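**Student:** There's a structure below that I have some questions on.
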Amino acid sequence: LSPVCLGSLRRAASINAEYMGPQSMAYALLAGLPPIYGMYSSSFIVIVYGLFTTSKVICVGPVAITSILIGGVVSEYGFELESPESVQIAVTLCFVTGVIQLAMGLLKLGFVSKFLSRPVMSGFTTGAAAIIAIQQCKDLFGIDISSSRFEGIVYDVFANIHRTHIPTFILSAVSLFILLSVKYYPLKKYVPKWFPVPLILILIVIGLSYFFDFESMGIRIVGPIPSGIAPFMLPEFDRFTELLLDGLVISITSYMSSVALAETYATKYQEHLDPNQELLAFGISCIFGAFNQCFTITGSFSRSALNDDMGCRTPAHGIFTGTVIVLSLLFFTSLFQYTRR
């Protein structure tokens with residue numbers, strides 16, 4: 001690697017990893033799992049993917065669409081959210097997904113990505129965005145919501161809106177205003193696209209949370225996070241057949257959205273992308289990740305765009321990113337406990 005490329009790689013991997021910490025914890029909550037499992041799903045599993053992929057730009061890890069699908073499966077079993085039973089379901093689902101993707105890769109079924117309908121994918125993404133938005137209302141307003149279904153959440157939000165926790169809402173509104181003003185207007189033209197505004201905002205909020213003790217003010221924070229890498233754990237192999245259909249849906253959705261993203265960058269830079277190899281990369285990494293307490297990973301649109309903006313053009317960025325997350329798990333988890341939910 002040239003010094004310039006290596007410098008871009010380090011910057012992209014470092015910033016991506018810093019984003020992935022708080023962001024992956026949020027996606028874990030979206031999947032009905034404790035926040036630490038988002039960190040687990042951004043570490044070694046990402047390194048393994050980086051060893052097998054042919055894409056030079058795409059960044060993988062926990063993403064919203066996959067997390068919603070996993071959360072839907074977990075909720076069907078009726079287990080308490082963030083419970084050990086929910087974790088077992090998500091981990092086993094990761095194994096099932098990996099086996100399906102590995103089998104598809106060995107059978108050279110990468111061509112199925114050619115049948116991806118953009119209107120269908122657009123509709124799915126829009127629906128996922130609506131679900132995410134309504135699910136975040138409980139943390140936006142600081143209210144309690146009992147339902148896990150979309151229509152139930154909508155009802156609970158309007159039924160409990162009068163119980164809005166004012167400090168939580170003010171913090172949410174200010175943060176949202178800053179993010180939107182940088183992305184759209186009036187600060188967009190003054191802030192470079194590569195500048196990590198969300199990361200800076202997260203660090204500021206963590207600092208405020210620590211010094212002003214948000215928890216004593218009634219503002220929900222992530223709380224204590226165990227340090228260290230995920231211990232080895234076996235998936236529940238006896239649930240393989242009952243999770244097969246859900247695993248098929250998640251594996252195809254994850255692969256199609258990821259390969260569509262990868263093909264966009266491959267076309268942009270006139271590079272070769274092997275869809276069958278991508279299936280193998282996702283399959284091997286998810287199977288490995290299932291023994292490392294991970295849930296299914298997918299290509300991230302926002303982090304891949306950041307990679308592109310930073311000039312990263314090598315699959316090795318995933319190895320760097322995963323390594324930074326591993327170091328964070330070993331030494332810096334105490335910092336994340338002050339993150340606002």
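**Student:** Given the criteria modelled with pLDDT under 85, out of contact with any Gly (no Cβ under 6 Å at 6 or more places or on another chain) and open to solvent by less than 30 Å² (accessible area, probe 1.4 Å), does Pro192 qualify?
**Tutor:** Judged against the criteria, Pro192 is not a match.
**Student:** Quick one: what pairs do we get from the stretch 304-319, first residue part of a loop (DSSP other than H, G, I, E, B), second modelled with pLDDT of 75 or more and among the polar types (S, T, N, Q), C-beta under 8 Å, 6+ apart or different chains?
**Tutor:** Pairs found: Pro315/Thr53; Pro315/Thr54; Pro315/Ser55.
**Student:** Among the residues of the stretch 68-91, write down those that are of a type in the set (Ser, Thr, Tyr) and at pLDDT 90 or above.
**Tutor:** Residue satisfying the conditions is Ser86 alone.
**Student:** Quick check on my filter: what residues within the stretch 282-303 are over 12 Å from Tyr265 (Cβ atoms), open to solvent by 10 Å² or more (accessible area, probe 1.4 Å) and not in a loop (DSSP other than H, G, I, E, B)?
**Tutor:** Residues satisfying the conditions are Ile284, Ile287, Phe288, Ser302.
**Student:** Please find, within the stretch 71-86, the residue that is nearest to Gly32 (Cα to Cα) out of those that are in a helix (DSSP H, G or I) and open to solvent by less than 70 Å² (accessible area, probe 1.4 Å).
**Tutor:** The selected residue is Gly71.
**Student:** I've got another one for you. Could you please tell me which pairs satisfy a Cβ distance under 7 Å, a separation of 6+ or placement on different chains, a first residue in the stretch 173-200 that is part of a loop (DSSP other than H, G, I, E, B), and a second residue that is of a type in the set (S, T, N, Q)?
**Tutor:** Final answer for the pair search is Leu187/Ser181.
**Student:** Now for a separate question. Return the residues of the stretch 48-64 that are of a type in the set (Val, Ile, Thr) and touching a strand residue (DSSP E or B) at 6+ places or on another chain (Cβ under 6 Å); say none if nothing qualifies.
**Tutor:** Residues satisfying the conditions are Ile58, Val60, Val63.
**Student:** Can you name the residue in the stretch 314-335 that is surrounded by fewer than 19 Cβ atoms within 10 Å (Cβ to Cβ) and aromatic (Phe, Trp, Tyr) and, of all such residues, is nearest to Met25 (Cα to Cα)?
**Tutor:** Ranking the candidates gives Phe332 first.
**Student:** Being open to solvent by 30 Å² or more (accessible area, probe 1.4 Å) and under 21 Å from Val87 (Cβ atoms) is the requirement here; does Ile202 meet it?
**Tutor:** No; evaluated as a whole, the condition is false for this residue.
**Student:** Hey, can you tell me all the residues within the stretch 56-70 that are open to solvent by less than 10 Å² (accessible area, probe 1.4 Å) and in contact with a Phe, Trp or Tyr (Cβ under 7 Å, 6 or more places away or on another chain)?
**Tutor:** Within the stretch 56-70, Val57, Ile58, Val60, Pro62, Ser67, Ile70 meet the criteria.
**Student:** May I pose another question? For the stretch 147-164, check the following and say yes or no: at least one residue is at pLDDT 80 or above, open to solvent by less than 60 Å² (accessible area, probe 1.4 Å), in contact with a Ser or Thr (Cβ under 8 Å, 6 or more places away or on another chain) and in a helix (DSSP H, G or I).
**Tutor:** Among the residues of the stretch 147-164, at least one is at pLDDT 80 or above, open to solvent by less than 60 Å² (accessible area, probe 1.4 Å), in contact with a Ser or Thr (Cβ under 8 Å, 6 or more places away or on another chain) and in a helix (DSSP H, G or I), which makes the answer yes.
The values are calculated or read from the model by the stated rules, or taken from the named source; none is laboratory data. Since the structure is predicted, the reported quantities are computational estimates derived from the model, not experimental observations. Cβ coordinates were reconstructed from backbone atoms using ideal geometry, including for glycine residues, and neighbour counts include every protein chain displayed. Calculation scope for accessible area: heavy atoms of the full protein, side chains included, ligands and nucleic acids excluded. Shrake-Rupley method; radii C 1.70, N 1.55, O 1.52, S 1.80 Å.
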